Amino acid sequence: MIAQLGTLKRVVIREVWKFEDSDFTPWLAQSENIARLAAAIGMELEVTGVEVPVGPFSADILAKSSSGEFIIIENQFGKTDHDHLGKVLTYAATLNASAVVWIAERFTDEHRKAIEWLNDHTSNDLSLFAVELQLWRIDESRPAVQFNVLSEPSEIVRQATAVRDAGPVSEARQLQGEFWTGFREVLLTKKIVGSAQAARPQYWFNVALGRANVHLSNIASVADSRIGVRVYISNRIASEALPQLEAQKAEIETEIGSSLKWNPNPNAIDKVIVLDRAADLADRTKWPEYFEWLCEQVSRFKKAFEPRIRQLKYPQLDEASDSAGL
């Protein structure tokens, strides 16, 4: 039997999005689409603003990584030019970004080399990504988007940055770093998330929930001999977000299959919703069991909380953002 195969065809970008600013940028800012870009560049991204003012110009998208660092995303139809290269560097400096993602339909050789040179010669505090935007279809199928990463910082640079940011490494923190390295590998292998932050020698390992100011924070405490998963809610939205989630407590706990600790530290300005258990992190033979448990809880928490978090209303934050021009 001869297999019947389709023909892969490149689609012109403007057949799908007529305008970059009014069509493509709003599409990319949607949580399911920013997740596609995040998976391509190996980061967790949460959109915090669109068309963010920077002097007389505006950055297309301002996002945050799972570790809370700012990420600039600049989009461009057609081939790259010097104007956009200058803008992305200006935006990064002005907004104190840790990474810049420059998306274009076609990168010229000189601009691709410029990004590579900057990644090699700037400090580890800034990472630059050159991402080619492509659309493809098979025969007459619907177009599918592909983010083709042409240039990015090396994994060695990323790991060095993670270690440096964590500060001096004690024996306990070294153990946590090795634990999170193993957990991250299992988390990605099971495809529970499309991308994940670098493993760091620290108490926590964050996973995005598709919206700014709230994320999953996996925890591994050597001192307390416990591991767990927390929904971590920033104080910027806590007073409005936590009551909305608490109103759905019974349904959430039923979906997760466990009772949770709701706001166990009421005096803290950031709020958490926690599920944890005893764990002897010094016993490495038990790590596979701990990885399995954590991955299962991350999967359940994401399914239970992500759709509810998308529906949260933050009237006070929205008013503050409008006043700040975000």
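The values are calculated or read from the model by the stated rules, or taken from the named source; none is laboratory data. Bear in mind that the values here come from a model prediction, so they are computed numbers and not experimental data. Reconstructed Cβ throughout: ideal geometry from the backbone, glycine too, with neighbour counts over all protein chains shown. To get the accessible areas, we keep the full protein, side chains included, count just its heavy atoms, and leave off ligands, DNA and RNA. Shrake-Rupley method; radii C 1.70, N 1.55, O 1.52, S 1.80 Å.
Things to note:
- In order through region 45-52: 3J(HN,Hα) via Karplus (6.51 cos²θ - 1.76 cosθ + 1.60), integer Hz, x for Gly, Pro: 10, 10, 6, 10, x, 10, 6, 7
- Amide H to amide H distances under 5 Å link SER127 with ALA99, VAL100, where only residues 5 or more positions off or on other chains count and H is placed in the peptide plane.
- To put it simply, the accessible area of the chain at a 1.4 Å probe is 51 percent carbon and sulfur.
- Cα lying deepest toward the dipole's positive end in the chain, options ILE219, THR80, TYR91, charges on Cβ: ILE219
- Gyration tensor verdict on region 20-135 (Cα atoms; rounded if a/c is under 1.5, prolate if a/b is larger than b/c, oblate otherwise): rounded
- Converting phi to 3J(HN,Hα) with the Karplus coefficients 6.51, -1.76 and 1.60 and the offset θ = phi - 60°, region 2-13 yields 8, 5, 9, 10, x, 9, 7, 10, 7, 10, 5, 4 Hz in sequence order, with x at every glycine or proline.
- Share, in percent, of DSSP beta bridges within the chain that are antiparallel, nearest 5: 75 percent
- LEU209 long-range amide H proximity, modeled H, under 5 Å: LEU216
- Peptide ranges 198-208, 174-184 listed from the most packed, as the mean C-beta count within 10 angstrom indicates: 198-208, 174-184
- When DSSP beta bridges are restricted to pairs lying wholly in region 12-144, around 50% turn out antiparallel.
- Contact order normalised by residue count of region 5-124, Cα under 8 Å, 6+ apart, percent: 17 percent
- Using the Cβ of GLY210 as centre and a radius below 15 Å, the other residues enclosed give a net charge of +3, where K and R count +1 and D and E count -1.
- Whole-Hz Karplus values for region 219-224 come out as 10, 9, 9, 6, 5, 8 Hz, taken residue by residue from phi with 6.51 cos²θ - 1.76 cosθ + 1.60 and θ = phi - 60°; glycine and proline positions read x.
- Set of lysines near LYS313 by C-alpha distance (under 22 Å), chain-local residues within fewer than 8 positions excluded: LYS64, LYS249, LYS271, LYS302, LYS303
- Taking label positions 7 Å along the Cα-Cβ direction at both TRP136 and SER299, the computed distance is 2.8 nm, reported to one decimal.
- Solvent-accessible surface of the chain, averaged per residue with a 1.4 angstrom probe and all protein chains in place: 50 square angstrom.
- Distant-in-sequence amide contacts of VAL11, defined by a placed amide H-H separation under 5 Å and a gap of 5 or more residues or a different chain, comprise LEU135, TRP136, ARG137.
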